């Protein structure tokens, strides 16, 4: 079993290298530099490429055409990258994947325009797909609009203490989960599967995506202390809704708000420890982890559409989500 | 002939009303309001709809399917609208078509996200086209990338006194002309014309688009005094390259820069009169108008691909560009 895990981990690394390679060799003009230099800078950044990897794993399992697979994976990664560039402006985040964001390194105009450019390039790439081209394009852009809706909820919910757990789930479904759902659906489309299969694939991705975002929220507070130290403040301080704050408010809104008011004033390392202490004491972290497990299980239950001999790989992929560290 | 002109003017009005109607009834969800309220606000604004009208005129002349025509016209108008929303943030323009821009009425995050949303909606609309769908989508997104390149040149050229006339023409070809070229090309594509015809249609639109942008630059200074009074400063003060400044620099860089330095300090109405005086005295306005006429003529020369009985309408359309007032 360990050998299996090693093999899988090697495959992930080699897929990531392949996707990085494809991203770095996308055929883009060199001028105007104002547009293409920041686009190249972004595409050469260190992303985890989890979405593109998922497209590859499912597409390979279902026998997709190799070239279509590369284009689908690339298009999804570009769509994701476009949303990050624009979200980082909106949220004033200055670091992404260990490097300055575009609006930080250049300025906001440059970041707006290169984000637009990356999205346009994603359209050019997705329309290169040869199998079920139009279905692929339609699913792709439907997802893009839903991601915009998710980001809109994310912004509209900032600092709103009335946001319920179901509001939160609506937001993360659109902001994060749908794009991961698209990865799975798209692999089905380009493998010429039935609509029924594609919907089940999407719902696998949706569940996995929910788990992914909840895990992300947890890692904001419970990740490696040094890393969290730098980024605590980012989401929580800007008043974003996360699984932890929503559950904490649901458990006892008054107590949470008064504790959080104090914690916010503390020096970062102390604040994290105090925050963890609160969330542990109230069993909130436990509840949050249960959601991660629940959604990973739900995702796994949808894997019967994947041929048996490939299914284990996909299960191992869901483990990456379950156990990932920031 | 006057009767013809009246009939044409009525047709333009009715097309504009039809396009406004189609824009106002695009099927969009109502929530999240953060995304869709500003999108609706923008689409209900008073645009001239010249691009969508051009799609209709050519598509009707070439016998395009009615529904395809409406979708092509809408998609182009949405693409144009998306670029305006983002350009207005980059250029800090606060008024567009007589109403506050999104970033002025709401904020920059709202404007970035609604611009993105409008572009995604344009993708959903363009992919509804039934005739030569994939060709239409590809031409559409190729144009979208070129428009981004044009905006990049526009930003990169700001306050750069070394920009030549040919740099200027490169910039306006991409920033403005290509989208008008797309309108013509797209009408050809959905009318199932040969590639040769579509290229000629595009080159009609490209010439017309160049004339349009040069005329726009002229109207910044020579339009109705009241209107210009409010907007002088916008493009010129922010150091944009316009046909007038580029020609003035080419004629005598030193004299122009020292005059412009003085003019900029004056009260707006006086500044405009002094500016006009300078440009008249140096024959710059005359040269600029010659370019408008030259490109309108070039456009008209491409009209032989339009059936004879429809050709006159298209000629009348080029007159709108030639004689338009701001």
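The values are calculated or read from the model by the stated rules, or taken from the named source; none is laboratory data. Note that the coordinates shown come from a computational prediction; the quantities given were computed from them, not determined experimentally. Here the Cβ is made from the backbone with ideal geometry for all residues, glycine too, and neighbour counts use every protein chain on show.
Quick look at the numbers
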| quantity | calculated |
| --- | --- |
| Considering residues of segment B:251-277 that are modelled with pLDDT of 95 or more and in contact with a helix residue (DSSP H, G or I) (Cβ under 6 Å, 6 or more places away or on another chain) only, the residue surrounded by the fewest Cβ atoms within 10 Å (Cβ to Cβ) | B:259 |
| Within segment B:122-190, helices (runs of 4 or more DSSP H) holding 2 or more residues that are within 9 Å of chain A (Cβ to nearest Cβ) and crowded, with 22+ Cβ neighbours inside 10 Å | B:133-156 |
| Whichever residue in segment B:11-40 is outside any loop (DSSP other than H, G, I, E, B) and within 14 Å of chain A (Cβ to nearest Cβ) and, among such residues, is farthest from residue B:110 (Cα to Cα) | B:40 |
| Which listed residue, of A:52, A:61, A:72, is surrounded by fewer than 24 Cβ atoms within 10 Å (Cβ to Cβ) and either under 18 Å from residue A:139 (Cα atoms) or more than 18 Å from the chain's Cα centre (by Cα) (or both) | A:61 |
| Considering residues of segment B:96-121 that are in contact (Cβ under 8 Å) with a residue 24 or more places away in the chain and surrounded by fewer than 17 Cβ atoms within 10 Å (Cβ to Cβ) only, the residue farthest from the other protein chains (Cβ to nearest Cβ) | B:98 |
| Evaluation of residue B:281 against (1) farther than 14 Å from residue B:218 by Cβ; (2) buried (at least 16 other Cβ atoms within 10 Å of the Cβ) (one fails), failing number | (2) |
| Answer from A:247, A:273 - the residue that is closer than 25 Å to residue A:208 by Cβ and part of a helix (DSSP H, G or I) | A:247 |
